[in-house]
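Quick note: the coordinates plus some simple rules give every number you see, no bench work behind them. Predicted model only: the values in this text are computed from it and were never measured. Using ideal geometry, Cβ is built from the backbone for each residue, glycine included, and neighbour counts are taken over all protein chains shown.
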């Protein structure tokens with residue numbers, strides 16, 4: 001049984017004529033009549049009584065007609081659903097982000113998603129880089145916002161912005177009013193850093209290594225907010241990215257005088273994965289709204 005046979009059958013039933021049905025269906029009458037005969041042969045029953053120039057549904061034809069119409073309606077509904085999904089920017093998106101970026105960079109991006117695509121279903125996963133990369137591999141995360149570079153040829157990266165690093169100091173610190181400082185000037189200070197596993201920990205330690213500074217770490221946390229509260233209380237100093245600089249934190253922030261003391265933030269997707277229009281639109285927004293990374 002073919003769909004076009006059902007269409008021809010319904011057309012004949014509606015018009016009461018093979019010739020009018022053929023004209024409406026844009027086929028020749030012999031072709032239409034042949035397809036109706038094939039349908040009747042397959043069903044093993046006559047669907048129409050041929051009465052000269054007109055036709056009339058048999059009792060079996062009357063029984064079959066609503067079923068045929070239901071099949072065609074379902075087909076059109078399914079086609080409409082596909083077209084709507086293809087042409088609209090909706091659906092689901094899971095955005096992964098590391099904790100040292102999430103509270104500073106992500107809110108404005110999510111606000112854009114909500115305004116521009118109110119029909120989108122957005123899920124956010126905040127995790128450290130290795131976990132997010134595994135979830136990208138498993139297609140559990142669609143787009144991740146991470147610090148670059150990352151390892152793995154299976155990923156495609158899009159640099160978004162580069163930010164400088166700052167020393168976070170207590171307000172009363174002797175260097176608090178400086179415009180910049182070298183990390184080696186903090187050699188005797190107790191340090192408060194992110195714990196192992198956070199990629200910014202590696203960035204901060206690398207900056208210390210370049211300054212030939214072995215930091216005396218007295219406190220570790222998974223959140224900048226906890227670290228800055230401790231710095232503000234006079235417990236020591238820290239290193240933070242530019243986006244974590246907060247005037248209300250009770251700290252003073254002094255730029256580190258090191259040309260390499262920076263980090264680049266980028267969007268990451270799984271290379272070769274088929275992205276939806278929503279995924280592509282969000283990725284395009286990230287790339288267009290953020291300053292181009294150096």
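Quick look at the numbers
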{"item": "Percent antiparallel among DSSP beta bridges (both partners in the chain, rounded to 5)", "result": "60 percent"}
{"item": "Label-point gap, in nm, between residue 63 and residue 289 - each point 7 angstrom along Cα→Cβ", "result": "6.1 nm"}
{"item": "Estimated FRET transfer efficiency (residue 220, residue 126; beta-carbon r; R0 22 Å; 0.05)", "result": "0.75"}
{"item": "Rg/Rh ratio calculated on Cα atoms of segment 89-294 (Kirkwood radius)", "result": "1.01"}
{"item": "Folded to 0 to 90 degrees: helix 277-289 orientation relative to the chain principal axis, Cα", "result": "30 degrees"}
{"item": "Residue exposure sequence - 8, 104 - by fewest surrounding Cβ within 10 Å", "result": "104, 8"}
{"item": "Segment 25-78-segment 235-275 distance, computed between alpha-carbon centres (Å)", "result": "69 Å"}
{"item": "Cα-based helix-to-principal-axis angle, 199-210 vs the chain, degrees rounded to 10", "result": "30 degrees"}
{"item": "Relative packing of 90-96, 273-279, which averages over residues the other C-beta atoms within 10 Å, highest first", "result": "90-96, 273-279"}
{"item": "Between helix 3-15 and the chain: long-axis angle, C-alpha atoms, 0 to 90°, nearest 10", "result": "50 degrees"}
